[in-house]
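Participant: Quick one: the structure is below, and I'll ask about it shortly.
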Amino acid sequence: MVNEDSEHRTTSHHGRAAVSKRPVTARGEATRTRLLDAAEQAFGTLGFHNASIADITRTADVGQGTFYLYFQSKEDIFRELVRHMGRKLRAAISQAIADAGPRLQAERVGLEAFLRFVAEHRNLYRVVQESLFVDEASYRAYYEEFAAAYAEALRKAQRAGELRPGHAEARAWALMGLGHFLGLRYCLWDDKGLPPRLMDGVIDFIAHGMAPERK
């Protein structure tokens, strides 16, 4: 299995050079993904400090030696899991809104996709929030990368006349906060999802704000 992987150097959050092992075959990539999925379950249910590499490899049904072909430590796979979940979330939303039409319609479709992702990946919140205390750089990167892509999409919509001019970055962070707490309230705490009538109200708020209607 060693020949399934190549090594490339990255910089850790401590500024030291580290070797991150990435697969170069489909089989290697499948094993690495299985380890990340197992880490999502282990860290999400047990927490970073209580989860062990043995918990991860047991869930992934691989030996501990295989773990070290892909990751150097528990901290290493945790940091990669945060990046991995961020990429998966952005990909799911991008795919959902690809043919959604004008930006306000895309906001609804994208929010619905986000809430589905939260419901399907219930450990997302715990893993990301715990990363603030395990590796703050990963925590910030998770949100900053999402916000950068979101802001650029809003700028594009403004240039197309689909949104009125405004500060795209500030809007992106505000909308991210809205989605974050809706997911917490309606997908984790309530576990029923956001009802359509409430989604209508959220989109109305995004489109029109809270100012009273002019008579």
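Participant: Give the ranking of Glu213, Glu145 by solvent-accessible surface, highest area first, calculated with a 1.4 Å probe.
Facilitator: The ordering from most to least exposed comes out as Glu213, Glu145.
Participant: A follow-up question, please. Roughly how many Å² of Asp204 are accessible to a 1.4 Å probe, to the nearest 10?
Facilitator: Near enough 80 Å² of accessible area.
Participant: Oh, and also: Once you have the alpha carbon radius of gyration of the chain, what is it after dividing by 2.2 N^0.38 Å, with N set to its residue count?
Facilitator: For the chain, the normalised Cα radius of gyration is 1.16.
Participant: So, one more: More than 22 Å apart: what percent of Cα pairs in the stretch 34-129 qualify?
Facilitator: Of all Cα-Cα pairs in the stretch 34-129, 36 percent lie more than 22 Å apart.
Participant: Next up: I need the fraction of alpha carbon pairs in the stretch 101-194 separated by more than 22 Å, rounded to a whole percent.
Facilitator: Summing the P(r) of the stretch 101-194 above 22 Å gives 34 percent of all pairs.
Participant: For the chain, what is the mean residue ellipticity at 222 nm derived from helices alone (per DSSP H run of n ≥ 4: -39500 (n - 2.57); sum divided by total residues; nearest 500 deg cm²/dmol)?
Facilitator: One gets -22000 deg cm²/dmol as the mean residue ellipticity at 222 nm.
Participant: Follow-up question, since we're still on this one. Quick one: pull the percent of accessible area on the stretch 46-153 belonging to carbon and sulfur, 1.4 Å probe, ligands and nucleic acids left out.
Facilitator: 51
Participant: Any idea how far the Cα center of the stretch 138-215 sits from the one of the stretch 35-113, in Å?
Facilitator: 23
Participant: Once you have the alpha carbon radius of gyration of the stretch 140-215, what is it after dividing by 2.2 N^0.38 Å, with N set to its residue count?
Facilitator: Dividing the Cα Rg of the stretch 140-215 by 2.2 N^0.38 Å gives 1.26.
The values are calculated or read from the model by the stated rules, or taken from the named source; none is laboratory data. It should be emphasised that the depicted structure is a prediction, and the values quoted were computed from it without experimental measurement. Surface areas here come from the heavy atoms of the whole protein model, side chains and all, with no ligands, DNA or RNA. Shrake-Rupley method; radii C 1.70, N 1.55, O 1.52, S 1.80 Å.
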